[in-house]
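Have a look at the structure below before the remarks.
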Amino acid sequence: MTSLTRDVVIVGSGIVGAAVAAELAGRGRDVLVLESGELAGGATAEGMGHVLFLDDHPEQSELLRVSLERWRSLQEELPNDAEVDVCGTLWVATDDEELQGAERKAEALGSQGIECELISPRQLRNLEPALSSSVQGALRLPKDSVVYPPNVARHLLKFDTRGSGCRSAGRIETQLGVQVVGVSADVSGAGGGAGARAGTRAGAVEVRLRDAPSILARDVVVAAGIATPELLPDCLVLPRKGHLAITDRYPGLLHHQIVELGYVKNAHAGEGDSVSFNVQPRPTGQLLLGSSRQFAGRDRFVDPSLVSRLMKRILEFLPALDRARILRIWTGFRPATPDDRPLIGRWQGDGVWVATGHEGLGITTSLGTAELLADLMDGRSPRIQPDVFDPCRVWRATS
Amino acid sequence: MTIRVHIDGRVHEVEPGQSVAAVVLNAAGAPRRLGVPDGPGASGVSDVSAAACAPDGPGVAFRRSANGQPRGPICGMGICHECRLTIDDVPHERSCLIECRDGMNIRTAEDPGDRNGSMGDWSAKDRSPEDRSPEDRSPEIGLREAAGPISAHLDTDVLILGGGPAGLAAAAALADHSVETILIDENPSPGGQIWRRSVRPPHQEDRANKSIRSAIARSTFLGSTTVWDIQPRECRAHCGAWQGQVGREAYLRVRFRRVLLASGARERFLPFPGWTLPGVMGVGGAQALAKSGWDVSGLRIVVAGSGPLLPAVASSLRQRGAEIRLLAEQASRSNLLPMAAALLTDRTKLRQAVRLRMDLGGVRWRFGTWPVRAEGDGHVQSVVMTDGRSEWKEECDLLAVGFGLVPNVEAALQLGCRLSKRGLPGVRREFRGRGQGGVHCGVQGGVHDKVPGDAAGVAVDPWQETSVAGVYAAGEVTGVGGVDLAEAEGRIAGLAMAGERAAAEEHFQSRARGRAFAAALDEAFALRRELLVPPDDAVTICRCEDVAFGQVASHESWRAAKLATRCGMGSCQGRVCGAALRTLKGWIHDVPRPPLSPVPVGAWIDDPEE
């Protein structure tokens, strides 16, 4: 029934699975990544690819800080097709309330050592002449960047021992078109609950595959995004649907990623559908236009009425885009959790780990997630406080 | 009457009805007409310097590609997006679809004001926004006057997409039975590619005019109108015309009860070294541009590729004064024998064939011959041909090359229709809910089959209805078969939609004949093995994004290649490279994301009252 014995199996080749794979390999583990579809073809490919600091999740600020620190060094080595652009973020305010919000935010960020500056309407005209004059000011975070996440994931999975700086670096093997149908801990029955450290445990984890023999592994990391509940039925990850559009090439039209300050307010205003202004200039000169949030099942249908709302919102901020041509509109699903925090850590049973549920911040926080999870797997005490991310909280909540 | 347009700042007098692409080609001239001596022919080697070739006027580069290569039109019918120009300050206009208007300001890639251009140094990672030059900062996308869009909601029983022979025949049949119909086409005038409005009357003038008149007199024809989204759930099509096409935006929402897809076919282009040079274009593309006013007289043309279109176009270009240097069909003579036999059973077709052969008297016509690479400095100057045994060079000003046609199935895929090779059984109906009078199109978004690849058309039942109830298809979109078959299918579809099944059945025989002939053509013009060999890794496969074949070759699927390399992600949305990769790699279609054609942001905004 079972065949190979593997050191680590990671289910999912998205940015989170890839980051965890690179991290573990850097620490000497041999990693097998299993992907049922295209490489990094899920939420990683469907989203915007922003690497940015958000201060609206205080309990995640450490995860963000560590992630951004690691992004800065990763960006140095990324190939051109990862499309790294350190364009900075402009959080734009449309009224006094948002302007005051921006000032408070500037202060809070400053105290955390995050580089930022308040931008007057006049400076704004110069920085982004295409913005509507109704914009009252902005907060600029110059170190934020945008990337093309599928090729970042591809790069992370190309990990090799040269240049890793790790004496006992491991390997990464990626297999595409492999569908995992279940993961069960401690199949030998010999293991005991105690040790989470690799090597101290006798049990193995069984990874059951469709149309192929199971794989036994010492550790299994489920980083399968919205497909996670299919493998771990109690692991509550919800698909939060979003719409995005990309335009033809208009080089030089925008210079920053621009987000409305109302974004977080809109994004988390209850369970209803919401749209927010969030636009990125891509290195090709194309503009990526977003975004919407809704719980609407897993139907990929592009909803014209929601697109209409979204485009209206965008034109309020960027009236010049009225005639910009849209090449494509698509939908995707963010892996969301009931309390808006990712699931990072040990699942029920030894050797089963979870890293998912990052919703819209997965690109940014993938690298910190990898560090945290690897620390937990190593039995080291992590830099990032792990308790708030303990995945078992969703299991407890539902059972 | 002439009108005046500005091309890169110079005034040109043109005829009304000429397309912008045609007048830009005319203004650029071709090397030969600028006094470059006539080449010595097949044996000669061109030593014409770049300077001697540099045309006076706007040059031959309509646009610059992502990597800065010069590009010109290839498809001539709105598919490839290579003819994009800046027109009246609006970038990315498909110049082949737009007729000249008095005072029009046209800018090519040769003009510094053109903004269709390359990404330049925009990808520089380390530059902060302050470092970017002021020229980078223009906030305008064009069009200063804010006329405001015209918005309208229309309602119809039957919506027909495509005003070629199939759509026209259906419209006429529907009109005969007083069924309300709206017929939409992206071209300014009805007739499709075969009966494209021409400055000089086409060959089939009488038949075409009769068919067009009969349909158009009794139904609503919307020309220069692009359908960019069809919502099966709401039985609603979003379409419109925007700046350039008609001089002002008009966004329309059409509600329909049933829809007929008659969106025709496009040429299949297979990549080879040099195929991106301006002056290498499709066979149908050259024909379409000539019909819309491009003066090909005096041009030395090599016509190559495959299919019955080759001699037809060669003859037509010759009548317009071009010199056909070589007519090269890739299929071998022996392969064509069964088709010749099929011709003998059809007197009209036989007569056409004989007539064509006479028109092409004196033209070098080779079988089992195909292009290996095109060469030239900024513009095609010669093409290396082979017959599998030896290679030789042909000098030319234009290489017209196309490897048959592939159906335009994108709207059908968006509607959830199944595809098949024509004649294959197994069209199943899964989408129910068809009531007495109306039709409920109940497609579940995202649930689509993997469909067969190369040249597959929309699968239809005997009444031309697709796997989605209420959605019909007729003509080349169901599989390429020519004008007679398209008309028969269009008539059947129209009559069936009008509830006249008995009358529709009268055309079954002619449809069966058409399909048999189409099958014979398929067989005869099957691509030879040598053409299915993937090109060199360095050859560009995706013209929109400048992706080389080597970059995509190692990927396991179309989507994987798109994700990793941007192949198929540009303006044409994989219409050109997707068809080539279906042929070369067997990759299957995926369901195209909306819109069906690039559309302004403003078009998506619904009226509040709706």
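The values are calculated or read from the model by the stated rules, or taken from the named source; none is laboratory data. Keep in mind the model is a prediction, meaning the values are calculated, not measured. With ideal geometry, Cβ positions are generated from the backbone for all residues, glycine too; neighbour counts draw on all protein chains shown. With ligands, DNA and RNA removed, areas are computed over all heavy atoms of the protein, side chains included. Shrake-Rupley method; radii C 1.70, N 1.55, O 1.52, S 1.80 Å.
Based on this model, can you work out whether residue A:17 counts as within 13 Å of the chain's Cα centre (by Cα), open to solvent by less than 40 Å² (accessible area, probe 1.4 Å), closer than 16 Å to residue A:374 by Cα and of a type outside the set (A, V, I, L, M)?
Answer is yes for this residue.
At least 3 residues that are touching a Phe, Trp or Tyr at 6+ places or on another chain (Cβ under 8 Å) in each: list the strands (runs of 3 or more DSSP E) lying fully within the stretch B:348-419 that qualify.
Qualifying strands (runs of 3 or more DSSP E): B:370-375, B:382-386, B:398-403.
Look at the stretch B:275-298 and say how many of its residues are among the hydroxyl-bearing types (Ser, Thr, Tyr) and either at pLDDT 95 or above or farther than 14 Å from residue B:27 by Cα (or both).
2
Quick check on my filter: what residues within the stretch A:291-325 are among the β-branched types (Val, Ile, Thr) and farther than 24 Å from residue A:132 by Cβ?
A:302
Can you report the number of residues in the stretch A:298-317 which are of a type in the set (A, V, I, L, M, F, W, C), over 17 Å from residue A:332 (Cα atoms) and more than 9 Å from chain B (Cβ to nearest Cβ)?
Summing the residues that are of a type in the set (A, V, I, L, M, F, W, C), over 17 Å from residue A:332 (Cα atoms) and more than 9 Å from chain B (Cβ to nearest Cβ) in the stretch A:298-317 gives 1.
Can you give me the number of residues within the stretch B:497-510 that are surrounded by fewer than 24 Cβ atoms within 10 Å (Cβ to Cβ) and either under 23 Å from the mean Cα position of the chain (by Cα) or in a helix (DSSP H, G or I) (or both)?
The number of residues fulfilling the criteria is 8.
Which is open to solvent by less than 10 Å² (accessible area, probe 1.4 Å) and under 16 Å from the mean Cα position of the chain (by Cα), of B:283, B:303, B:259?
It is B:283.
Count, please, the residues in the stretch A:104-138 that happen to be in contact (Cβ under 8 Å) with a residue 40 or more places away in the chain and within 12 Å of chain B (Cβ to nearest Cβ).
5
Tell me the strands (runs of 3 or more DSSP E) entirely within the stretch A:304-363 that contain at least 1 residues that are open to solvent by 10 Å² or more (accessible area, probe 1.4 Å).
So the answer is A:325-336, A:343-346.
I'm trying to understand the selection: among the residues of the stretch B:63-90, which are away from chain A (no Cβ under 12 Å), under 20 Å from the mean Cα position of the chain (by Cα) and not in a strand (DSSP E or B)?
Selection gives B:72, B:73, B:74, B:75, B:76, B:77, B:78, B:79, B:80, B:82, B:83.
Please work out which one of (1) assigned to a helix (DSSP H, G or I); (2) farther than 27 Å from residue B:542 by Cβ; (3) among the aliphatic types (A, V, I, L, M) is the condition residue B:327 fails and give its number.
Among (1) assigned to a helix (DSSP H, G or I); (2) farther than 27 Å from residue B:542 by Cβ; (3) among the aliphatic types (A, V, I, L, M), residue B:327 violates only (1).
Using the structure shown, decide if residue B:290 is of a type in the set (A, V, I, L, M), open to solvent by 20 Å² or more (accessible area, probe 1.4 Å) and within 25 Å of residue B:99 (Cβ to Cβ).
no
Regarding residue B:515, is this residue part of a helix (DSSP H, G or I), out of contact with any strand residue (DSSP E or B) (no Cβ under 6 Å at 6 or more places or on another chain) and in contact (Cβ under 8 Å) with a residue 40 or more places away in the chain?
yes
Please count how many residues of the stretch B:446-486 are open to solvent by 20 Å² or more (accessible area, probe 1.4 Å) and modelled with pLDDT under 90.
The total comes to 8.
For residue A:288, only one of the following conditions fails: (1) out of contact with any helix residue (DSSP H, G or I) (no Cβ under 8 Å at 6 or more places or on another chain); (2) under 26 Å from residue A:130 (Cα atoms); (3) not in a strand (DSSP E or B). What is its number?
(3)
Identify all residues within the stretch B:560-610 that are within 8 Å of chain A (Cβ to nearest Cβ), more than 25 Å from residue A:151 (Cα to Cα) and assigned to a loop (DSSP other than H, G, I, E, B); write none if there are none.
Those that are within 8 Å of chain A (Cβ to nearest Cβ), more than 25 Å from residue A:151 (Cα to Cα) and assigned to a loop (DSSP other than H, G, I, E, B): B:595, B:598, B:605, B:606.
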